[in-house]
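The values are calculated or read from the model by the stated rules, or taken from the named source; none is laboratory data. If you're wondering where the values come from, they're calculated on a predicted model, not measured in any experiment. Here Cβ is always computed from backbone atoms with ideal geometry, including for glycine, and neighbour counts include all displayed protein chains. Ligands, DNA and RNA are excluded from the accessible area calculation, which covers all protein heavy atoms including side chains. Shrake-Rupley method; radii C 1.70, N 1.55, O 1.52, S 1.80 Å.
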Amino acid sequence: MNETNHVCGGRPASTTDAIAEWDWEQSKFEILILEDDPEISRFFQMKLDNPARTIFVAQTMKAATEILEENDIDLILLDLTLPDADGRSFLRQVRENQRTSTVPIIVISGRRGPVTKTECFELGADDYFEKPVALEMLAAAVGAKIKRAAELARRARYDVLTGLLNRVAFQEVFRRTQAFSRRARSSLALAILDLDKFKSINDMFGHPLGDRVLIRAAQVITRALRRSDVVGRWGGDEFVVLLPETDCTGAQRALETVRRALREESFEIEGPALKLSFSAGVVDVTDGATLDDTIAEADRLLYQSKAEKGTRTDDRGFRVQEREAKIEN
């Protein structure tokens, strides 16, 4: 039996394909230049300009902080002399933020001598250039650090078994998509899917076959959804799905498509072909909700669905209760 509970809130539209194949040479990278001198910023932009790069420029720590909040910056060029703060304060702030703690930071400053350099390195700077800087050398350093950061990010963001986003990466996508939905005043739904009786597959056929089933299930779920929907592995046999510009009603329809796709898929094992089903909890994501709060509510509905197995359904295959619905095979 396959069930979905949701606390209801549309209509699909597209955003970005957050689970596209990673290729650092083809990916878009975001660079933040924090420099109070517009002329110097312009020179940096001209030298670092590349079709694969988006460059943001800020002249104050306040503006740079806002850019960091709204974008996934891959590298920062930092001047220490700012009109509203010492650049070392910004360096410390970036390193203390879990989301940005590993972003490469290149300090470019007119301050000379070992004391300032040493302090910057102690605070977490990856490199230090004194002004005037040789632009060719700076460009080479930026290119090398972006490539290395991309390789590390690829390993850190994706589930080793299924290739889906892991929890850390899903957290980032959730925050960014929630902010986009807030600005656009559009709906956003989240679902947790739990494969039914998956433990029995592992017990009967062993974990290697169970792993193959998980890999195939991840592929089927992803293929059945829109490119703008984001799928992650939450743990074990649980998957989490973020559906932009979609409310609970739209998410329910999307999961019906996933349900049919899984039923039509044959998972070859010893003996009869295995047919997969799932239970799910679906919620509307509200403006101020954290991912933890949203997951907790979806989890509650998921286990309510599992507890209600065997409930009779109407001809459409799901039962609607006061702001809640259930999808079943």
Can you tell me which residue in the stretch 144-168 is surrounded by the fewest Cβ atoms within 10 Å (Cβ to Cβ), limited to those that are at pLDDT 90 or above and in a helix (DSSP H, G or I)? ALA144
Quick check, is VAL133 surrounded by 15 or more Cβ atoms within 10 Å (Cβ to Cβ) and not aromatic (Phe, Trp, Tyr)? yes
Filter pass, THR102 being surrounded by fewer than 18 Cβ atoms within 10 Å (Cβ to Cβ) and either at negative phi or of a type outside the set (Lys, Arg) (or both): yes
Does the stretch 177-187 contain at least one residue that is of a type in the set (S, T, N, Q) and open to solvent by 30 Å² or more (accessible area, probe 1.4 Å)? yes
Looking at THR60, THR65, THR81, THR116 in this structure, which one is polar (S, T, N, Q) and under 25 Å from ALA169 (Cβ atoms)? THR65
How many residues does the stretch 179-200 contain that are closer than 19 Å to GLY235 by Cβ and touching a strand residue (DSSP E or B) at 6+ places or on another chain (Cβ under 7 Å)? 7
Within the stretch 225-246, residues of a type in the set (Asp, Glu) and within 19 Å of ARG176 (Cβ to Cβ) come out as ASP229, GLU245
PHE174 meets each of (1) in a helix (DSSP H, G or I); (2) under 22 Å from ARG253 (Cα atoms); (3) over 13 Å from the mean Cα position of the chain (by Cα) with one exception, condition (3)
Members of the stretch 26-56 found to be open to solvent by 50 Å² or more (accessible area, probe 1.4 Å) and over 24 Å from the mean Cα position of the chain (by Cα), listed by number: ASP36, ASP37, PRO38, GLU39, ARG42, PHE43, GLN45, MET46, LYS47, ASP49, ASN50
Checked against (1) modelled with pLDDT under 85; (2) aliphatic (A, V, I, L, M); (3) more than 30 Å from PRO208 (Cβ to Cβ), ALA273 satisfies every condition except (3)
